[in-house]
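Visitor: Quick one: the structure is below, and I'll ask about it shortly.
Coordinate-derived values only; no laboratory data. Since the model is a prediction, treat every value here as computed from it, not as a measurement. So basically every Cβ, Gly included, is an ideal-geometry build from the backbone, and we count neighbours across all protein chains shown.
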Amino acid sequence: MKTKKTILVTGAAGFIGFHLAKALIKLGYTVVGLDNINAYYDVNLKYARLNELGIDRAEAEVFNALCSSRSYGIQMQFIRMNLEDRNALPKLFKELKFDMVCNLAAQPGVRYSLENPEAYIDSNINGFLNILECCRHHNVKRLVYASSSSVYGNSAAVPFDESANVDKPISLYAATKKSNELMAHTYAHLYGMETVGLRFFTVYGPWGRPDMAMFLFTDAIINNRPLKVFNKGKLSRDFTYIDDIVSGVVNTLLVDAKDSALYKLYNIGNSAPVELMDFIQAIESKLGVEAQKQMLPMQPGDVNHTWADVRALQNDYNYTPNTSVVDGVAAFVEWYQSYYKTKDGV
């Protein structure tokens, strides 16, 4: 008889999924991580994250083969798999009988969605449908899934509120995330599944993604390259530190919300937007170097401002982000400098 709850974390080799897996293990839960380890960005970083979880690269590279952590044993297992695999994923659900699922796996990136739209339909639409179907047929108690602040598009009404109309996405990535919310609503309504959608606002911190601003800026400054500053710096983002994000995700998985509705949707951010130039200045200050800046026009599909209204998540799950940008930037830079020993990277 199973004594510990087992939680599937998809996207476990990714930035947020890796940190979430660590947090759940620390709390005593059994975690199964899933990721297809695609080449959207440096796979060495993904395998390095898995290594921190005790997962051997040689074992992790094999598709559809479950492997156990050398550090945590069967409390942390990993499988390389595509979400849209309609044969392998149902078998995994049937075998391991997950109590809860946190779906963080997706094809990310607004700009990349302009170049390779098929990847977003495969992973974010077909893959998410497969997750929903597996949860439905295998008695999963709760599904928490990643949406995105990108669904708000270029809304001028700030802070962004969950009740706002989000029917005008300005990138295919945003359109797939809005689609996930609609699909989750349908499954909650038809099949009585509890679904919790989280609209993530710009997440940063140690082990972060190389395509995100924090990483790109730090890497450019350290390696004496000009920063690409879009919209000539006239942008602001609700930069949110990874530890704050993870604490919020953990609560949505493990705590019964005050809101008893089966379908729930929340912003998860810092609720304190920062001007892009101020964010760059915080990195410059930590590194003691003034950045070279290449001022560029606005990128297609990008937005001017993001700002999360997080009152609903605070009320229902006691979400309390409290990491300042100065502290968060310092933590990232220290990680970056210890992890990347040379200009050649990993």
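Visitor: Grab the beta carbon distance between Ala48 and Leu216, set R0 = 22 Å, and tell me the FRET efficiency rounded to 0.05. Can you show the working numbers first?
Guide: On the way: r = 18 Å, r/R0 = 0.84.
So the FRET efficiency works out to roughly 0.75.
Visitor: So, one more: Take Ala272 and Arg111, extend 7 Å from each Cα along the Cα→Cβ direction, and tell me the distance between the two endpoints in nm.
Guide: Using points 7 Å along Cα→Cβ, the separation is 2.8 nm.
Visitor: Once phi is turned into θ = phi - 60°, what whole-Hz ³J(HN,Hα) does the Karplus curve with 6.51, -1.76 and 1.60 give for every residue of the stretch 278-283, x standing for Gly and Pro?
Guide: In residue order, the calculated couplings are 5, 5, 4, 4, 5, 5 Hz.
Visitor: Report, by chain and number, residues whose modeled amide H sits under 5 Å from the one on Leu34, excluding near sequence neighbours (fewer than 5 apart, same chain).
Guide: Val9, Thr10, Gly11, Ala12, Ile79
Visitor: Read phi for every residue in the stretch 144-155 and hand back ³J(HN,Hα) as whole Hz from Karplus 6.51 cos²θ - 1.76 cosθ + 1.60, θ = phi - 60°, with x for Gly and Pro.
Guide: 9, 9, 8, 9, 7, 5, 5, 5, 6, x, 9, 4
Visitor: Considering only DSSP beta bridges whose two residues both sit in the stretch 1-158, what percent are antiparallel, to the nearest 5?
Guide: Approximately 15 percent, going by the DSSP bridge assignments.
Visitor: Just give me a number: lysine pairs in the stretch 161-278, eight or more positions apart or cross-chain, with C-alpha atoms less than 18 Å apart.
Guide: 4
Visitor: How about Lys4: which lysines have a C-alpha closer than 23 Å to its C-alpha, ignoring those fewer than 8 places off in the same chain?
Guide: Lys22, Lys26, Lys91, Lys94, Lys97, Lys141
Visitor: Under a 5 Å amide H to amide H cut-off, with H placed in plane at 1.01 Å, what residues pair with Phe160 once short-range neighbours are removed?
Guide: For Phe160, the qualifying residues are Trp307, Ala308, Asp309.
Visitor: Related question: Computed FRET efficiency, Cβ-Cβ of Ser163 and Trp335, R0 30 Å: what is it to the nearest 0.05? Display every interim value, and only then the final one.
Guide: Details: r = 37 Å, r/R0 = 1.23.
The calculated FRET efficiency here is 0.20.
Visitor: Helix-only mean residue ellipticity at 222 nm, the chain, DSSP H runs n ≥ 4 weighted -39,500 (n - 2.57), per residue, nearest 500. What is it?
Guide: Roughly -11000 deg cm²/dmol at 222 nm, from the helical runs in the chain.
Visitor: Take the alpha carbon atoms of the stretch 210-242, find their center, do the same for the stretch 18-77, and report the distance between the two centers in whole angstrom.
Guide: The distance from the Cα centre of the stretch 210-242 to that of the stretch 18-77 comes to 28 Å.
Visitor: Ordered by residue, what ³J(HN,Hα) values in Hz, to whole numbers, does the stretch 122-128 give under the Karplus form 6.51 cos²θ - 1.76 cosθ + 1.60, where θ = phi - 60° and Gly and Pro are x?
Guide: Working through the residues one at a time gives 4, 7, 7, 9, 5, x, 5 Hz.
Visitor: In addition: I'd like to know which of Ile131, Tyr317, Val303 lies farthest towards the positive end of the charge dipole of the chain, counting +1 on Cβ of Lys and Arg and -1 on Cβ of Asp and Glu.
Guide: Final value for the positive-end residue is Ile131.
Visitor: For the chain, report the % of Cα-Cα distances exceeding 33 Å.
Guide: Value for the chain: 23 percent of Cα pairs lie more than 33 Å apart.
Visitor: Please determine, in degrees from 0 to 90 and to the nearest 10, the orientation of helix 15-26 with respect to the longest principal axis defined by the Cα atoms of the chain, where the helix direction is its Cα long axis.
Guide: Tilt relative to the chain: about 50 degrees.
Visitor: If the only charges are +1 at each Lys and Arg Cβ and -1 at each Asp and Glu Cβ, what is the size of the charge dipole of the chain around the Cα centre, to the nearest 20 debye?
Guide: Roughly 520 debye, rounded to the nearest 20.
Visitor: Between Asn87 and Lys293, what's the calculated FRET efficiency when r is the beta-carbon distance and R0 is 41 Å? Round to 0.05.
Guide: Using R0 = 41 Å, I get an efficiency of 0.25.
Visitor: Then there's this: Have a look at the DSSP beta bridges in the chain and tell me what percent are antiparallel, nearest 5. Don't skip to the end; give the middle numbers.
Guide: Details: 5 of 44 bridges.
Among the beta bridges of the chain, antiparallel pairing accounts for roughly 10 percent.
Visitor: For Ser148, list long-range residues whose amide hydrogen, built 1.01 Å from N in the peptide plane, is under 5 Å from its own amide hydrogen.
Guide: Phe200
Visitor: With each pseudo-label sitting 7 Å past Cα toward Cβ, what's the Asp56-Asn318 distance in nm, one decimal?
Guide: Here the modelled spin labels are 4.1 nm apart.
Visitor: Taking 0.36 nm per residue of separation and subtracting the Cα-Cα distance, what length does fully extending Lys94 through Asn139 add?
Guide: 15.2 nm
Visitor: Under 11 Å from the Cβ of Phe128, count the other residues' Cβ atoms, weight Lys and Arg +1, Asp and Glu -1, and hand me the total.
Guide: Numbers: positive: Lys177; negative: Glu84, Asp122, Glu133, Glu181.
In short, -3.
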